[in-house]
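Data first, discussion second: the structure below is written as structure tokens.
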There are 4 protein chains.
Amino acid sequence: MAHNTFGNRLTLTTFGESHGEAIGGILDGCPAGLVLDFKAVQQELNRRKPGQSKLVTQRQEPDEVQFLSGIFEGKTTGTSIGFMIKNANQKSKDYEHLKDVYRPSHADFTYDKKYGHRDYRGGGRSSARETANWVVAGAIAKQIIKDITINAFTSTVGNITIDKPYQALDFTKTESNAVRCPDTTTAEKMIQLISDVKKEGDTIGGKITCVVQNVPIGLGEPIFNKLQAQLAKAMFSINAVKGFEYGTGFCAAAMKGSEHNDLFNADGTTKSNLSGGIQGGISNGMDIYFRVGFKPVATIMQDQESIDKDGNIVTLKGKGRHDACVVPRAVPIVEAMTALVLADFWLMR
Amino acid sequence: MAHNTFGNRLTLTTFGESHGEAIGGILDGCPAGLVLDFKAVQQELNRRKPGQSKLVTQRQEPDEVQFLSGIFEGKTTGTSIGFMIKNANQKSKDYEHLKDVYRPSHADFTYDKKYGHRDYRGGGRSSARETANWVVAGAIAKQIIKDITINAFTSTVGNITIDKPYQALDFTKTESNAVRCPDTTTAEKMIQLISDVKKEGDTIGGKITCVVQNVPIGLGEPIFNKLQAQLAKAMFSINAVKGFEYGTGFCAAAMKGSEHNDLFNADGTTKSNLSGGIQGGISNGMDIYFRVGFKPVATIMQDQESIDKDGNIVTLKGKGRHDACVVPRAVPIVEAMTALVLADFWLMR
Amino acid sequence: MAHNTFGNRLTLTTFGESHGEAIGGILDGCPAGLVLDFKAVQQELNRRKPGQSKLVTQRQEPDEVQFLSGIFEGKTTGTSIGFMIKNANQKSKDYEHLKDVYRPSHADFTYDKKYGHRDYRGGGRSSARETANWVVAGAIAKQIIKDITINAFTSTVGNITIDKPYQALDFTKTESNAVRCPDTTTAEKMIQLISDVKKEGDTIGGKITCVVQNVPIGLGEPIFNKLQAQLAKAMFSINAVKGFEYGTGFCAAAMKGSEHNDLFNADGTTKSNLSGGIQGGISNGMDIYFRVGFKPVATIMQDQESIDKDGNIVTLKGKGRHDACVVPRAVPIVEAMTALVLADFWLMR
Amino acid sequence: MAHNTFGNRLTLTTFGESHGEAIGGILDGCPAGLVLDFKAVQQELNRRKPGQSKLVTQRQEPDEVQFLSGIFEGKTTGTSIGFMIKNANQKSKDYEHLKDVYRPSHADFTYDKKYGHRDYRGGGRSSARETANWVVAGAIAKQIIKDITINAFTSTVGNITIDKPYQALDFTKTESNAVRCPDTTTAEKMIQLISDVKKEGDTIGGKITCVVQNVPIGLGEPIFNKLQAQLAKAMFSINAVKGFEYGTGFCAAAMKGSEHNDLFNADGTTKSNLSGGIQGGISNGMDIYFRVGFKPVATIMQDQESIDKDGNIVTLKGKGRHDACVVPRAVPIVEAMTALVLADFWLMR
């Protein structure tokens, strides 16, 4: 019942507020003897980092992870891995005007009502800054399950959507543009849309598709640790996520069994893969693919009416440094959480 | 890491195969002194029971729950509540032809590969019969959180969808028809569609909407036990579920922040509720509403090609007793899992 | 946080009151493909059963375990194993006089204060009847770790103690006498003592020694799941246990490091084994041995002063069926809990 | 199954090696709004600190705790509390001669066999340095349960023992001497004994008694989270602990029920308290008292025969900085773990 802990056998426990001293975590259950590729970890963190393009928040954080334990002579020792990322570019003063004000569709109101006391600077614990911790842990998880490949990408921004199946995409192009969309033509449209929205001081939602390949048969634990259930839980832990579907997802609602069933080949693979690689909560060796829907960022650069602690109506000025669309930066976060889930199940076998 | 256990403070641990002696469970963490309404529990179980209408499987199970512990003189004692439902109408012979065969889009293949050995009768542990246990526990959970109301209903079958917001529906009508759709005109169309599909020996998917009202502010535990994350996990534990979204869900992807933000009233309620009653993983007191997407039942009454254990191609005859659409019977299951999640968080406060 | 669940990877969740319908449990995490020796399970249960000799309670329970799931064609399937033991010989009326009375050094008072409502018949949930569930699960655990041998025995009753090291004992004689003491001369003295105490309507305490042999190196999980810590927790779950020590135990307090250190042989075994087979929370391959101290049974056949719910002083008559010394019947319970702990760690490796 | 996590509702997750960069932890579940007394936390840490007297290791660590999150404006926010203690005085070179050598009765051998790779400097993760983390968390726990008082003290060193009941002791004197024994005459003898042992280059074991007063009725959760079971688990997590007993402990083995039963007063308190404040796993409001037995420190300043990784016999020179008796420094550790257990149960009510 540790609410700041994720996972069963490979567990990540985290701490940290947006504008506190540091954020960090403890990864427990990592097998001993893993030669850690530290550069790969930092690289994932860089992918998530703010300030990478004009589209995203200009908060400049070096976001360098420091490992404090669990690694000796470059190899994991099987003991818990402590790590920390210092908060370098906190402009706490930017948030003083929010001290007593609840921003619409943010967690200010609920944190205040639940805890009676909150770190209001930049959302405190509810800030997506926390996800930097996940990316560190996820980068290690990726190294535990080296043979499994995880490719997430921006598939939708607003009404702009890749109109190709994932099999037609070249994942090596995902990092080639600011929105992390492997279809470069669509990427350009997305970039344009985000720029337009940003000029209006507004924000826009989107979707991420994630494809997991080379998954061994047998990952996932019925009845209450089904692979899809744990993936869903992981995705809904990410800020701003409103929907999760795998395989055919919600489209399955309109389909017939005779259309939807995946017939077997003699070797146990299936001719189609509408199921999305999972049956009865257990991976069947086919590709796992899913989509995650994100709402538009709640902080907008427009005036909004809101209330303060005492119920007074106030006008909230659009201020601070925020993304006009959170989706591109969420791509490595989706991958990290996916890696944590898969590594966890992989270690359980 | 007990994979057959759900919940944190209120935990349900279950056992049972479709065609074994009995199924059952242990509900741990129920507060002492609750005067149990046993009739209400049985009623929920009856709602899930097969054989209720022509639309669903004709397997006749009395499905009577026996409580074995944790209750004394009609009141809970605070100790673990053991319960059992005997399997009465097992026609195991119906399944002997499936002993060595993997049914398409069922869990036969993955269970066999994972465990090397499985109870093939009626899907064994992977059967939705298990959900009867959840309904028992959920019915108790509902009594723990008496003030909160949970109303699930069939909102979509195939391409038939209720085209009204939930606020315009009369939930007292949900039980008035065989598909559990509170909009009777739509219900009739759904019934017709399922009948047609059934005649073809086929099955059809659908969606359930669930509305939770009168939720206190403060339920849900950041960072990794967010209310929406635990609801998602609960829903993806249900057989055949392919998608979950709450509030605006996937539609949020196409929206702007200025449209999506829920502005506050002076009393802390919000003018709109696109967020679906949760901010930062914590309930804000507004209605929680979500949709769950179901694939069509994999067992169809048509011949299908499949494989056996040795990789031989075999023809699978459509046999057995199955639902043409699982959605109406899943309505009480969705409610039960929702109740378990909410009661769990309610007890954590 | 399921308080009726023991274990991490192999988990036992239990239910049941002394005089309820039945007691039972769910064993989750048992590997698939184990050919269960049901007779061996029942045999362990028979060892714990009341009414085996004149020394113990004459409550006659058939204590037959019924397995309800998780086993198919004699083999475990990897799904949760549900089991049940019916309560056959409840004489609830024997307990009506205790309805409002708190027995000294029993759990009546604390249960009543904690839960406000309790099943007073035979101690309800606090009864040692619960341990029958543990013996069932432990008997399965023993079959998971077949190569490890676990031998518990009565080493002390009152002031009668085996004065030999365990290495000088023949464990095959443990079951040859009513007190489960492998040293038959000492056994006779113990039997005499218990008989004498019983005649006085009194009860007596004792100790159990448990020796675990053929343990692989590497069981136990630092920092907070150390092998000795989990063993201690297991033993203190047993009713009437007041002390636990392993290796030299409390005697170590009077020793010097130069005496206490176990020097290595070239093969990694140690010349002495004062440590008791565990270093840093991890088994080192040497014998694990520990002692468990039990208080005398609180129910005595003498008049005692006590209080009722309202604080009135009452005289409690000695009535009911109880053991004059609980230790002999606790031997299989100590073994069962030890087996659960070791199997749990064995499966974690 | 996070092995570096302790507790259920209030959980401590830790990391850190003796000679790594830092040690630290995350305390999750601390209620919001607690005004933290930072000085009291540091004071507890100072009590555990090496170098306090001539009797203990001269390793000089500032041991200053840094809080990184979960506290805002001096008050806890209800989010996870991250903290860190830098390792300042690591003399890693002192340990290079131990790189391939297994010290007798240390965890070197078992860690190496389990993980295949270990941080050999100062015992790495198995070092008692870890307990500094527990003291930090325990100091916060003490502030959560302010009304409960926890007094641990050295009751035995070698064959020197306080021969008075705890009721006859003045706990305010515990800190008045180097061995933390509230009986000053006995303390002097203990100091003399430790000095003598130290001169011989040897070490000596001992016992700590802990008394918990003003405990509310109802703490502890049957069946598998009994108060005594969790206390036992906590104590056996501490390095060098070989025994735990509460109330009469092992002495109960020689007692009769008629002697051992605690008769009630009209108000529900008991005339005697041989039970040690717990019945059926639940506190009954009387004092909880227990004893913890410690083995002598394994590192001695004498030559010892040992083996290296390859099974060669080597001579181990006594080197490094170590305590001749660990018991005085373990007093605040016992208190810290006790506080964590009690606060955990207190928050569960």
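Where a number appears in this text, it was derived from the coordinates with a stated rule and is not lab data. In this text the structure is predicted, and so the values were computed from the model without any measurement. As a convention, Cβ positions derive from the backbone with ideal geometry for all residues, glycine included, and neighbour counts pool all protein chains shown.
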If amide H atoms are built 1.01 Å from N in the plane of the peptide, which residues on other chains or at least 5 residues away come under 5 Å of the amide H of A:Thr270? A:Asn265
Tell me, what is the FRET efficiency for B:Glu175 and A:Glu64 to the nearest 0.05, using R0 = 60 angstrom and their Cβ-Cβ distance as r? 0.55
Considering every residue in B:115-128, what mean count of other chain Cβ atoms within 10 Å of its Cβ is obtained? 5
7 Å along Cα→Cβ for the label point: how many nanometres lie between C:Asn312 and each equivalent label in the other copies, listed shortest first? 6.3, 7.9, 8.3
Find the centroid of the Cα atoms in the range A:303-349 and in the range D:190-252, then give the distance between the two in whole Å. 46 Å
Which entries in C:Lys233/C:Lys295; A:Lys199/A:Lys295; B:Lys75/C:Lys317 show an alpha-carbon gap greater than 21 Å? B:Lys75/C:Lys317
With the Cα gyration tensor of the range C:262-301 giving a ≥ b ≥ c as the square roots of its eigenvalues, does the rule (a/c under 1.5 for rounded; else a/b larger than b/c for prolate; else oblate) give rounded, prolate or oblate? prolate
Where a label projected 7 Å from the Cα of D:Asn265 along Cα→Cβ would reach, residues of the range D:212-233 with amide N under 14 Å: D:214
Let me spell out the model: positive unit charges on the Cβ of Lys and Arg, negative unit charges on the Cβ of Asp and Glu, origin at the Cα centre of the protein assembly as shown. What dipole size does that give, in debye rounded to 20? 0 debye
What do you get for GluC sites (Glu not before Pro) in the range C:119-205 restricted to DSSP loop and a cutoff of at most 16 other Cβ within 10 Å of the site's Cβ? C:Glu200
If you place +1 on the Cβ of every Lys and Arg, -1 on the Cβ of every Asp and Glu, and leave all else neutral, what size is the dipole of chain A about its Cα centre, to the nearest 20 Debye? 280 debye
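What are the membrane-span-like helices in chain C by this rule: whole DSSP H runs, Cα extent along the axis at least 15 Å, mean Kyte-Doolittle hydropathy at least 0.0?
On the way: long enough: C:38-48 (16 Å, -1.30); C:131-144 (20 Å, 0.84); C:184-199 (22 Å, -0.28); C:327-348 (32 Å, 1.37).
Once both thresholds are applied, what remains is C:131-144, C:327-348.
Please report the equivalent ellipsoid semi-axes of the range C:44-198, computed as sqrt(5 x eigenvalue) of the Cα gyration tensor, largest first, in whole Å.
Working: eigenvalues 176, 148, 41 Å².
They are 30, 27, 14 Å, listed largest first.
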Under the convention of a label 7 Å out along Cα→Cβ, give the distances in nm from D:Asp196 to the same position in every other copy, shortest first. 3.9, 9.1, 9.9
Mean residue ellipticity at 222 nm from the helices of chain D, using -39,500 (n - 2.57) per DSSP H segment of n ≥ 4 over the full residue count, to the nearest 500 deg cm²/dmol? -7500 deg cm²/dmol
What is the minimum Cβ-to-axis distance for chain A, in whole Å, where the axis maps A onto D, and to which residue does it belong? A:Thr13, 2
Remind me, relative contact order of chain C in percent, using alpha carbon pairs under 8 angstrom and six or more residues apart? 22 percent
Looking at chain D as a GNM with Cα springs under 10 Å, which of D:Val314, D:Val101, D:Val334 has the largest mean-square fluctuation? D:Val314
Estimated D of the protein assembly as shown in µm² per second, where Rh is the Kirkwood radius over Cα pairs and Stokes-Einstein applies at 25 °C, 0.890 mPa s: 75 µm²/s
Note down the nm distance, to one decimal, between modelled labels 7 Å out along Cα→Cβ at B:Asn46 and at C:Thr185. 7.3 nm
DSSP-loop trypsin sites (Lys or Arg not before Pro) across the range B:133-221, with at most 10 other Cβ within 10 angstrom: B:Lys146
Using Stokes-Einstein with the Kirkwood hydrodynamic radius over Cα pairs, what translational diffusion coefficient do you get for the range C:5-348 at 25 °C and a viscosity of 0.890 mPa s, in µm²/s rounded to a whole number? 116 µm²/s
Can you give the net charge of the other residues whose Cβ lies under 15 Å from the Cβ of A:Cys251, counting K and R as +1 and D and E as -1? +2
Please turn the phi angles of the range B:18-33 into ³J(HN,Hα) values with the Karplus equation 6.51 cos²θ - 1.76 cosθ + 1.60 (θ = phi - 60°), one per residue in order, whole Hz, x for glycine and proline. 3, 10, x, 5, 7, 10, x, x, 10, 9, 10, x, 5, x, 6, x
Using a Gaussian network for chain A with springs between C-alpha atoms less than 10 Å apart, which of these wobbles most: A:Thr79, A:Thr185, A:Thr14? A:Thr185
Listed by chain and number, the residues whose amide H is under 5 Å from that of C:Ala152, excluding neighbours fewer than 5 places away on the same chain and using placed H, are C:Val211
Under Karplus coefficients 6.51, -1.76 and 1.60, residue-wise ³J(HN,Hα) of the range C:160-172 in Hz, glycine/proline x: 9, 9, 5, 9, 10, x, 4, 5, 8, 9, 9, 5, 5
Residues of type aspartates and glutamates that C:Lys242 reaches as a straight line, Cα spacing below 13 Å, ignoring anything fewer than 8 places off in the same chain: D:Glu245
Cα-Cα over 30 Å, subset of C:Lys226/D:Lys99; C:Lys271/D:Lys198; B:Lys146/B:Lys173; C:Lys207/D:Lys114: C:Lys207/D:Lys114
For chain D, set up a Gaussian network in which alpha carbons nearer than 10 Å are linked by springs, and say which option among D:Lys49, D:Lys226, D:Lys317 fluctuates the most. D:Lys317
Given backbone amide H placed at 1.01 Å from N, residues whose amide H is under 5 Å from that of B:Asp323, ignoring those fewer than 5 places away on the same chain, are B:Thr57
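Would you list A:Glu21, C:Glu245 from fewest to most Cβ contacts within 10 Å?
Numbers: A:Glu21 17, C:Glu245 27.
Going from least to most buried by this count: A:Glu21, C:Glu245.
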Can you give me the distance in nm between label points at A:Ile313 and B:Ser258, each placed 7 Å from the Cα along the Cα-to-Cβ direction? 2.0 nm
Label-point gap, in nm, between B:Glu73 and B:Glu305 - each point 7 angstrom along Cα→Cβ: 6.8 nm
